[in-house]
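Shown next, in structure tokens, is the structure this report addresses.
The values are calculated or read from the model by the stated rules, or taken from the named source; none is laboratory data. Quick caveat: nothing in here was measured; it's all calculated off a predicted structure. Cβ coordinates were reconstructed from backbone atoms using ideal geometry, including for glycine residues, and neighbour counts include every protein chain displayed. Accessible surface areas use protein heavy atoms only, side chains included; no ligands, DNA or RNA. Shrake-Rupley method; radii C 1.70, N 1.55, O 1.52, S 1.80 Å.
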Amino acid sequence: MQQKPGIDLAQGSRVDIRPLSARINPDPDLISLSDVFRALARNALILLLAVAVSVGLVWYYVNYVATPLYRSYTTILIETRKNQFVDLDSPTEDFAVNQSSLNSEVGILQSRELLGKVVDRLNLIEDTEFNYLAWTDPEDVPADEADLFRARGRDVAVSSLMNSIEVRNEPLTYIIEVSVVTSGAEKSAEIANAIAASYLDQQIELKSLSTQEGVEWLSTRVTELQQELRDAERQLEDSRFNATGDRLENRIVVDQLTNDVEATRELYQYFLSRLKEISVQDGLHRADARVLSQAITPFGPSSPKKKRLIAVGAVGGLFLGMFFVFWRESFNRGIRSTKEMEAVSGYPVVGELPKVGMLNRNHKIARLVNPRDRMHFEAVNDLRLSLSLPPPGKPGRVVAVCSAVPGEGKTSVALALTRSFAKSKDEVLLIDGDFRTSALTKTLQNDKKADATNEIDWTIKQSEPIGGGFLGVGHGVDSPIDFFATEEFGALMQSAREHYGLVVIDTPPLLAVSDAIAVAQAADTCLYVVNWNRTPRSKILQGLEMLERAGVTPHGIVLNRMNRKLLSRRSYRSHLRS
């Protein structure tokens, strides 16, 4: 297996020396599936909260806001066999059962005429669910508009009922199903049964009406034929009475009148017989359909479907949560893990420091290396062990603590590293290399006016808070970058190497000023501090490129202010238990 070119560091660490552009992903916007799952895992609480809120809102809606609706069914069977008590011809045509006729019956069941009868039958015009005009007090309606108002209310009730029913033909059968949905369980069953009853009554009514029309017509025709028969018989008698002799023309006239009388009598007898048959059938009419099953009162509401809606709410909440997570992640380009940092930069992560609580300056310095804070204490020790010191008698090492942008916490890292070496009885010197803000000098000397001096103080003072030497070179230098190139600064570094095992220099941000480059070039190595989950990748890479162009190879990267829970679940769990 071919080994990647690099430089071996202490304790097995290795630094990739290829150009930064050759080490990082050429497409920083490319997101892998593992990145997606890691993002979801990091924001698991947000996803759970989104699901819980969505389910809670849906539960409140279905229990306290939504109106429960009840669905009731009735089924009607279209008869294909005709059962007759008397074998008589019907005055109406038999019902031909085919798909077209079934579709026609479905349309009849949904017609305004039939549903209007149901509205009248159940007085739904007074039901506010179907007629919103029922909320109006009748006394508020003018007397001359009362009939128009009631007619309008009936139309509204019929339209509402049409929207509340569903009629369909079961495939490959002669069964028609009628379903009704209302806010009342008993009301739904009552309306469904009323629709079926009105449909059957309408069929019988139409047949009875057709029979009555036939009876009326036959009665009129029988009366006419009876009169015609009487007139024909009278004319025949008159012809016989007036006939004289045995003349041929007389016999012909009599025979012709006789035939007319017989024909009229036969026609009269036929229509009379038919009239009696139809009159008998008037009370024997049956509908061409029958109710196969009556609608019953439903045991529970058909909607809202609570379980389904809650499941949909959970899925919807999950998707909303994922959308929020991805939207949030798209704006956060920080580094969140050691593997991610090493993959992006090509440098090893030599330290993972947890976030230290916000305290006053003195307490904060004391807490930076506090044995009671086991997590931070061990993290600083791990960072210290990665910086191998030279054996006694050899010149010490100079370490510059750098960062790309302000606010990374490099001053806290420098303080913690210095205190850790001091507690291990090593001679250590801390130098404030940030001439522009002198934040380290203000912190250790508690001098708020440190920025007022324009002179460089070369005196190394023993600092009790850090347990080692401290050199605050002052503030107000006209050109700090030129100062770092002077012989005085070179002599200072050489003297510091001879008297101290470790020299730590706090530097200004790389992307803010160029002072840090000069300090890093003068130092033996540097630590590159990155604020966990905050510093954008682009800024991190810009700072590393500046160091590489200056010929500086960082010893490693320190992920600072990491989430304590994340660290406790990972590298510090077993140690914290002990």
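Some points to look at:
- For Arg497, solvent-accessible area (1.4 Å; no DNA, RNA or ligand), Å²: 40
- Rounded to the nearest 20, the size of the Cβ-charge dipole of the range 167-257 about its Cα centre is 80 debye, with Lys and Arg at +1 and Asp and Glu at -1.
- Solvent-accessible area of Arg240, all protein chains in place: 140 Å² (probe radius 1.4 Å, heavy atoms, ligands and nucleic acids excluded).
- Accessible surface, 1.4 Å probe, highest first, among residues Val312, Val118: Val312, Val118
- Segments 165-173, 181-189 sorted - mean Cβ within 10 Å per residue, highest first: 181-189, 165-173
- For Gly468, residues with placed amide H under 5 Å, excluding near neighbours: Ser463
- Whole-Hz couplings from phi, Karplus 6.51/-1.76/1.60, listed for the range 377-388; x for Gly and Pro: 4, 6, 5, 5, 4, 4, 5, 5, 5, 6, 9, 6
- Amide H partners (placed H, <5 Å) of Arg397, local residues excluded: Leu502, Val503
- Ordered by 1.4 Å accessible area with all protein chains kept, Asp35, Asp140, Asp201, Asp506 run largest first as Asp140, Asp201, Asp35, Asp506.
- Three-way shape label, the range 525-569, alpha-carbon gyration tensor, a/c 1.5: oblate
- Value of relative contact order over the range 210-329, rounded to a whole percent, pairs C-alpha under 8 Å and six or more apart: 34
- Placing R0 at 45 angstrom, the Cβ-Cβ distance between Arg234 and Glu79 gives a FRET efficiency of 0.30 after rounding to 0.05.
- Solvent-accessible surface (1.4 angstrom probe) belonging to Ile108, in square angstrom, nearest 10: 50
- Exceedance of the 27 Å cut-off in Cα-Cα distance is limited, within the set Lys339/Lys423; Lys117/Lys305; Lys117/Lys207, to Lys339/Lys423; Lys117/Lys305.
- Residues whose amide H falls under 5 Å from that of Gln294, counting only those 5 or more places apart or on a different chain, are absent, with hydrogens built in the peptide plane.
- Straightening the chain between Lys276 and Phe149 buys 41.0 nm, computed as 0.36 nm per residue apart minus the Cα-Cα spacing.
- Just the protein heavy atoms count here, and of the accessible area of the range 113-209 at 1.4 Å, carbon and sulfur take up 51 percent.
- Among Trp217, Trp135, Trp532, the order of accessible area from largest down is Trp135, Trp217, Trp532, computed with a 1.4 Å probe on protein heavy atoms.
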